[in-house]
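A.B. asks: I am attaching a structure below and will ask some questions about it afterwards.
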Amino acid sequence: MGFLNNTTVTVDAILTKKGRELLAQGTEAFNITKFALADDEIDYNLFDVTHPNGSDFYGKVIENMPLLEAIPDENHVMRYKLVTLPKNSIKMPIVSELAAITFKIDDGLQGQSPVVEPNTRNVNDSSYTFILHDQSVCTMTVESAAGGNVGATTPFFLGDDDAPNSKTLTAKSVRIGVSPVQSKKITQLTIIGNDTGATTSITITNPVTIASLS
């Protein structure tokens, strides 16, 4: 869904394949209960507090930027979702930086199962969505379950090639296990706070090949 232009409140909506299926079942099946807003197309670096015409023109360039058309594919849109924070919040939520994971060849498959336990600064997240981009590189299991059944979302932040091989879990923390591979492989683990929308990612490197185990 997207605005047709930035002078009216008329929006352009395109249904996904699932949406069209529900609409075909009748109006009772097609019932929108939640929606999200994003500002993917906005570059806030263009907010100019030195504009010679005064404060009314600080955001003029941003206000006149072209807006994205509706695209029914969350792999390519809605990467920067707007979130609702407590009233007195003065800082944005940030998922603390997590160390990259690199498995060791000498250790084989034994004792290599680090736990990824994210923490959100400034605002708390009760659970996280963990998206392993390529589960042929390693395994991912729930280490600490989420408080409440949030449920896995459709994989996003993924290309068309990554999505079929991805795995998504909702939890407080996950355990990453090493799997033997044909050759050295690298993938990403994307972590999203389910309450705040704060996002981070880490690199997972697996050099433990089948040949190195023999």
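A.B. asks: In what sequence, highest mean first, do 46-52, 173-179, 90-96 appear when ranked by Cβ atoms within 10 angstrom?
C.D. replies: Numbers: 46-52: 10.4, 173-179: 19.0, 90-96: 13.3.
Taking the mean over residues of other Cβ atoms within 10 Å, the ranking is 173-179, 90-96, 46-52.
A.B. asks: Sticking with this one: Only four residue types carry charge here, +1 at the Cβ of Lys and Arg and -1 at the Cβ of Asp and Glu. Report the dipole size of segment 94-213 about the Cα centre in Debye, rounded to the nearest 20.
C.D. replies: Values: 7 positive and 11 negative charges, 33 e Å.
So the magnitude is around 160 debye.
A.B. asks: So, one more: When the Cα atoms of segment 94-213 are enclosed in a convex hull and the volume is divided per residue, what value in Å³ results?
C.D. replies: Here the figure is 90 Å³ per residue.
A.B. asks: With a 10 Å Cβ neighbour count serving as the proxy for reagent exposure, in which order, fewest first, do PHE57, PHE35 appear?
C.D. replies: Working: PHE57 12, PHE35 6.
Exposure proxy ranking, most exposed first: PHE35, PHE57.
A.B. asks: Would you work out which of PRO180, GLY193, THR170 lies farthest towards the positive end of the dipole of segment 94-213? Charges go on Cβ: Lys and Arg +1, Asp and Glu -1.
C.D. replies: PRO180
A.B. asks: What residue among ALA99, TYR58, SER113 has its Cα farthest toward the positive end of the dipole of segment 15-117, where the charges are +1 on Lys, Arg and -1 on Asp, Glu, each on the Cβ?
C.D. replies: Highest projection toward the positive end goes to SER113.
Quick note: the coordinates plus some simple rules give every number you see, no bench work behind them. Note that the coordinates shown come from a computational prediction; the quantities given were computed from them, not determined experimentally. Using ideal geometry, Cβ is built from the backbone for each residue, glycine included, and neighbour counts are taken over all protein chains shown.
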